[in-house]
Amino acid sequence: MNLLVVGSGGREHAISKKLLESNHVEKVYCAPGNDGMRLDDIQLVAISETDKAGLIDFAKKADISFVIVGPEIPLLEGVVDAFEEAGIKAFGPKANAALIEGSKDFAKQFMEKYAIPTASSRTFTDYTEAKAYLDERGVPIVIKADGLAAGKGVTVALEMEEAVLALKDMMLEEKFGDASLKVVIEDYLAGEEFSLMAFVNGEEVYPMAIAQDHKRAYEGDKGPNTGGMGAYSPVPHIAEAIVEEAVKNILRPAASGMVKEGRYFRGILYAGLILTKNGPKVIEFNARFGDPETQVVLPRLESDFAALIEDLLNNKKPDVRFKKEGITLGVVLASAGYPENYEKGKKLTGLDDIAESVTIYHAGTKQAENGELVSDGGRVLLLAKEADTMSEARALLYPEMEKLDNPNFFYRMDIGTKAE
Ligand code: AMP
Ligand code: GLY
């Protein structure tokens, strides 16, 4: 069969690559994808991720058996709804269910209603009231834009000055446009962070191996929040019992709560969690595969990925098995200046020297007119390596990262050190 993946980043590269491992899959198309994916025989389709008519038209012409929608924006814009209306099977929540990611205010109210553990919070549309609440709660405190902001709409403020500045930027300066006119102010949760994703079909929840992302731009978890600078899976210092608790108290009630709300969720439910003294608590829900978590979790799936998704789309019980041994590490190569201002079109030197043993996921690369691959986004590549232990994975992966070293790019040297 032929499949279509919607999106263009490292996550979509990993999804497409995994689909191609299935025996029954002939071609995997990615719309719009990025040029680097072609090195893995992924077929690029020049249609934007939100062009519903264009995507449907292509899916019909290319005899697509089913579609996987990667990013949050097309999900929230109803791309899955549109495919279904056109009689094409598409994996991912419909717009009304993707709201669990699209509105932090909705997610907080939903969690409260279904007693899902999370930080206490309040939502504001008025700056003066928000500021008064800040003064009352004090620091540390967390300020979140209600809507989508590419993972950058959250400020964890340790000082009051920083909190007030974030609030002003969002509510008065409209830093994230409409997405930040409504703001959630949430208590700060201390503890280890981890990502728990699951395949969900209504009330059915099939958890994946957990991962740990590294959101801050610089080593030692310093600097601004990014889309994610590296990840690994599994997370050996988070006990299996904790994961089971999170599945029972968070993912299951969330999946069944969405059904009760008339927002049937079929797709990937991603819980961003903090392990507090009182157990795991939610800091965010996403309605899709995480990026970069997917690049380290999906390679560990032992069952047939295409068959798994097909089963979910046909309301059958899927075979979901993840490798238990070893660890997979992924480190992001980002453009200098990311997540703020950065330049695109920078030549990727050293790509040919990277050992065969490392998996390269292209997040934002483009073929220049002379045929060379150049950068085309903030996050450019992710290099992944599986090994028996984290120390081994780091020892094997970082020398390959070094080959790409160049003043136009940067990467964090400390990805995975907590798991050594
Ligand atoms: P988000 O975009 O919601 O994932 O938030 C970005 C980052 O901010 C998270 O990965 C956490 O490191 C941090 N964060 C979010 N909410 C909280 C919270 N309530 N307490 C502490 N840290 C948080
Ligand atoms: N890695 C975090 C996210 O995908 O939102």
Taking the stretch 176-204 on its own, how many of its residues are more than 29 Å from G337 (Cβ to Cβ), among the hydrophobic types (A, V, I, L, M, F, W, C) and open to solvent by 10 Å² or more (accessible area, probe 1.4 Å)? 2
Do you know which residues across the stretch 200-227 are small (G, A, S), modelled with pLDDT under 95 and at positive phi? G223
Reported set for the stretch 264-275 where residues are hydrophobic (A, V, I, L, M, F, W, C), open to solvent by 10 Å² or more (accessible area, probe 1.4 Å) and more than 10 Å from ligand 1 (Cβ to nearest atom) is L275
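From the list K131, K94, K144, pick out the single residue that is under 29 Å from L251 (Cβ atoms) and either more than 24 Å from the chain's Cα centre (by Cα) or within 16 Å of ligand 1 (Cβ to nearest atom) (or both).
Values: K131 fails: under 29 Å from L251 (Cβ atoms); K94 fails: either more than 24 Å from the chain's Cα centre (by Cα) or within 16 Å of ligand 1 (Cβ to nearest atom) (or both).
That would be K144, the only listed residue that is under 29 Å from L251 (Cβ atoms) and either more than 24 Å from the chain's Cα centre (by Cα) or within 16 Å of ligand 1 (Cβ to nearest atom) (or both).
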Going through the stretch 44-69 one residue at a time, which ones are outside any helix (DSSP H, G or I), open to solvent by 70 Å² or more (accessible area, probe 1.4 Å) and not small (G, A, S)? D63
Count of the stretch 276-305 residues which are in contact with a helix residue (DSSP H, G or I) (Cβ under 9 Å, 6 or more places away or on another chain), within 13 Å of ligand 1 (Cβ to nearest atom) and part of a strand (DSSP E or B): 6
Selection count, the stretch 221-261, where residues are more than 15 Å from ligand 1 (Cβ to nearest atom), in a loop (DSSP other than H, G, I, E, B) and surrounded by fewer than 20 Cβ atoms within 10 Å (Cβ to Cβ): 4
What residue, of G78, G92, G87, is surrounded by fewer than 17 Cβ atoms within 10 Å (Cβ to Cβ) and not acidic (D, E)? G87
Criterion first (away from ligand 1 (no atom under 13 Å from the Cβ), modelled with pLDDT under 95, among the aliphatic types (A, V, I, L, M) and in contact with an Asp or Glu (Cβ under 9 Å, 6 or more places away or on another chain)) does M197 satisfy it? no
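The values are calculated or read from the model by the stated rules, or taken from the named source; none is laboratory data. The shown structure was predicted, so the numbers you read here are calculated from the model rather than taken from an experiment. Note that each Cβ is placed from the backbone with ideal geometry, even for glycine, and that neighbours are counted across all protein chains shown. Accessible surface is based on the protein model in full, side chains and every heavy atom, while ligands, DNA and RNA are left aside. Shrake-Rupley method; radii C 1.70, N 1.55, O 1.52, S 1.80 Å.
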